[in-house]
Amino acid sequence: MLSKTKLILLLILAFITTASSMSKPGNLPSDEFARRRAIFLEELRDLDACAIFHTAPFYERNHHVEYPYRQDSDFFYLTGWTQIEGILVFTPQKKSEGNAEVSIFVAPRDLKKELWTGPKLGVGDARILPGIDSAYDYSEFYDRLEKLMTGYERLVVSFGNDTAFENEFERKTKDTSWGPILVQEASSLLKSHRLIKSDAEIESLQKAIDITNQSLRDVLPIIPTLNFEYEVQAEIEYGFSKRGSVRLGFPSIIGAGNNTTYLHYEDNHGELTAGSLLLMDVGAEWDYYSADISRTVPVSGKFSTEQKAIYQLVLDAQAAAIKSVKPGVSWRTPHETAVEILTSGLVELGLLTGDPADLIRDKSYRKFFMHGTSHWLGLDVHDAGGRVDGNGKPHILKAGMVLTVEPGIYIIEAEDVEPRWWNIGVRIEDDVLVTRKGHRVLSQSIPKTIQEIEALMQP
């Protein structure tokens, strides 16, 4: 029989062996991150700037229980590193002085702790990452900080929302004679990089979308047999998990009946009532990239006359909005296209009264459609990029951008609305890639026509 000491030693050896076999921290190829860092370095060089990125903090949920950890998106974008306590430093040398340098500081391995948590990556693993010039113990950062930051006019920072690190950094660099004069948030620089997706990123997005597609297809036929929103949520998220998605892209929105009219409803405890609609806004995550899909279906498997009219109107608006996506147009074009069709359709149905152009001009349509039609998609479900470019103008669509197209109509109980329309909420959302010649709907295979949905939901 093995002694306790020998058993512990064997476990430690096993962890060492396992950890050393981890060639890289994520599923994306290591050279993908090296390429990103090289591009960012050149931009920093032109700015005479160094840069510091920090990992996201971890939070305690309650005593001895932590929230599941998710890396800061900017830090992951540049490193692929998924663990806590990491600092990435860019110190581009002048062109006349040689090659640029990238340093990373990571937490050392703690073999005793790994007996509880499982194997982790350490300094040795960071050293072999392509494009990393130096890797150090996390505790050495402030000892090396002056040498790293001296000689630069500007410091670009991203602290990963870790306020404790930010406060400590500010305390130790305050009133120094060697630090950069100007400080700039990294998000303003990185957003232009993150807006354009590489082939590897598109592949990860497609995988997340495919998982979402398969999971939605699994749940549609059984919705008429379920009783509560959380049952639908459980079935969808089970589908994500069994297909390898380790986390949700965002909290699932599963709303039935009047809950379909709340845009970001997340309680998911309402009852499924025959004759009502069910709105599902969900997305699996794959290698940190998130799908974002909305589908609206009849709980009983058949749309009513009023539900069908609203649904088809939203579907027509979405089809036209998607068709408008192409390089060279404003990113607001899909929204403006959807608004025109929705407003005209609402007038035809008697839900709005007046000239559609006037109703658009005075925003009367917002009574039933109160949100934008698109947002960027990538590492964050509302991805980096913002609504305007560096000149304060709406972004112009370019090949490689990925955006959602998600018009909707939401009709609450109101005295000036006929009761037959009450509690009808419909949103249809797809994920669209801008290509060199137009666009590609990455979620094209997910059912959304009335005929497709009703056919899948019949016993």
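I'm checking my understanding of the structure. Among residues of segment 376-417 that are in contact with an Asp or Glu (Cβ under 9 Å, 6 or more places away or on another chain) and of a type outside the set (A, V, I, L, M, F, W, C), which one is farthest from residue 80 (Cα to Cα)?
My answer is 408.
State whether one or more residues within segment 399-412 are outside the structural domain of residue 158 (by TED's automatic domain parsing) and either part of a helix (DSSP H, G or I) or of a type in the set (Ser, Thr, Tyr) (or both). Show your work before the answer.
Step one: list which residues in segment 399-412 are outside the structural domain of residue 158 (by TED's automatic domain parsing), which gives 399-412.
Narrowing further to those that are either part of a helix (DSSP H, G or I) or of a type in the set (Ser, Thr, Tyr) (or both): 404, 410.
Yes, segment 399-412 has at least one match.
Mind listing whichever residues of segment 30-76 are of a type outside the set (Asp, Glu) and assigned to a loop (DSSP other than H, G, I, E, B)?
55, 56, 57, 58, 59, 63, 64, 67, 68, 69, 70, 71
Within the bounds of segment 44-51, is there any residue that is at pLDDT 95 or above and not aliphatic (A, V, I, L, M)?
No, the conditions are met nowhere in segment 44-51.
Looking at 392, 350, which is the one that is farther than 19 Å from residue 427 by Cα and either outside any loop (DSSP other than H, G, I, E, B) or under 24 Å from the mean Cα position of the chain (by Cα) (or both)?
Values: 350 fails: either outside any loop (DSSP other than H, G, I, E, B) or under 24 Å from the mean Cα position of the chain (by Cα) (or both).
It is 392.
Taking the conditions exactly as written (out of contact with any Pro (no Cβ under 9 Å at 6 or more places or on another chain), closer than 29 Å to residue 277 by Cα, free of Cβ contacts under 8 Å to residues at least 60 places away in the same chain and small (Gly, Ala, Ser)), does residue 414 satisfy them or not?
Details: out of contact with any Pro (no Cβ under 9 Å at 6 or more places or on another chain): yes; closer than 29 Å to residue 277 by Cα: yes; free of Cβ contacts under 8 Å to residues at least 60 places away in the same chain: yes; small (Gly, Ala, Ser): yes.
Spelling it out, residue 414 is indeed out of contact with any Pro (no Cβ under 9 Å at 6 or more places or on another chain), closer than 29 Å to residue 277 by Cα, free of Cβ contacts under 8 Å to residues at least 60 places away in the same chain and small (Gly, Ala, Ser).
If a residue must be in contact with a strand residue (DSSP E or B) (Cβ under 9 Å, 6 or more places away or on another chain) and over 17 Å from residue 79 (Cα atoms), how many such residues does segment 174-187 contain? Explain how you work it out, then say what you get.
To start, the set of residues in segment 174-187 that are in contact with a strand residue (DSSP E or B) (Cβ under 9 Å, 6 or more places away or on another chain) comprises 179-187.
So of that shortlist, the ones also over 17 Å from residue 79 (Cα atoms) come out as 179-185.
Looking only at that region, the number is 7.
Would you tally the residues in segment 422-444 being of a type in the set (A, V, I, L, M, F, W, C) and either out of contact with any Leu (no Cβ under 7 Å at 6 or more places or on another chain) or closer than 15 Å to residue 254 by Cα (or both)? Reasoning before the result, please.
Initially, segment 422-444 is screened for residues of a type in the set (A, V, I, L, M, F, W, C), giving 422, 424, 426, 428, 432-434, 441-442.
Retained after the next criterion (residues that are either out of contact with any Leu (no Cβ under 7 Å at 6 or more places or on another chain) or closer than 15 Å to residue 254 by Cα (or both)): 422, 424, 426, 428, 441.
Final tally of qualifying residues: 5.
Which residue is surrounded by the most Cβ atoms within 10 Å (Cβ to Cβ), if the candidates are limited to segment 286-301 and must be in a loop (DSSP other than H, G, I, E, B) and at negative phi?
Let us first name the residues in segment 286-301 that are in a loop (DSSP other than H, G, I, E, B), namely 287-288, 291-292, 299-301.
Adding the requirement that they be at negative phi leaves 291-292, 299-300.
Details: 291: 31, 292: 27, 299: 20, 300: 17.
Looking at residues that are in a loop (DSSP other than H, G, I, E, B) and at negative phi, I get 291.
The values are calculated or read from the model by the stated rules, or taken from the named source; none is laboratory data. This is a predicted model, so every value here is computed, not measured. Because the Cβ atoms are built from the backbone with ideal geometry, glycine has one as well, and the counts that use them run over all protein chains shown.
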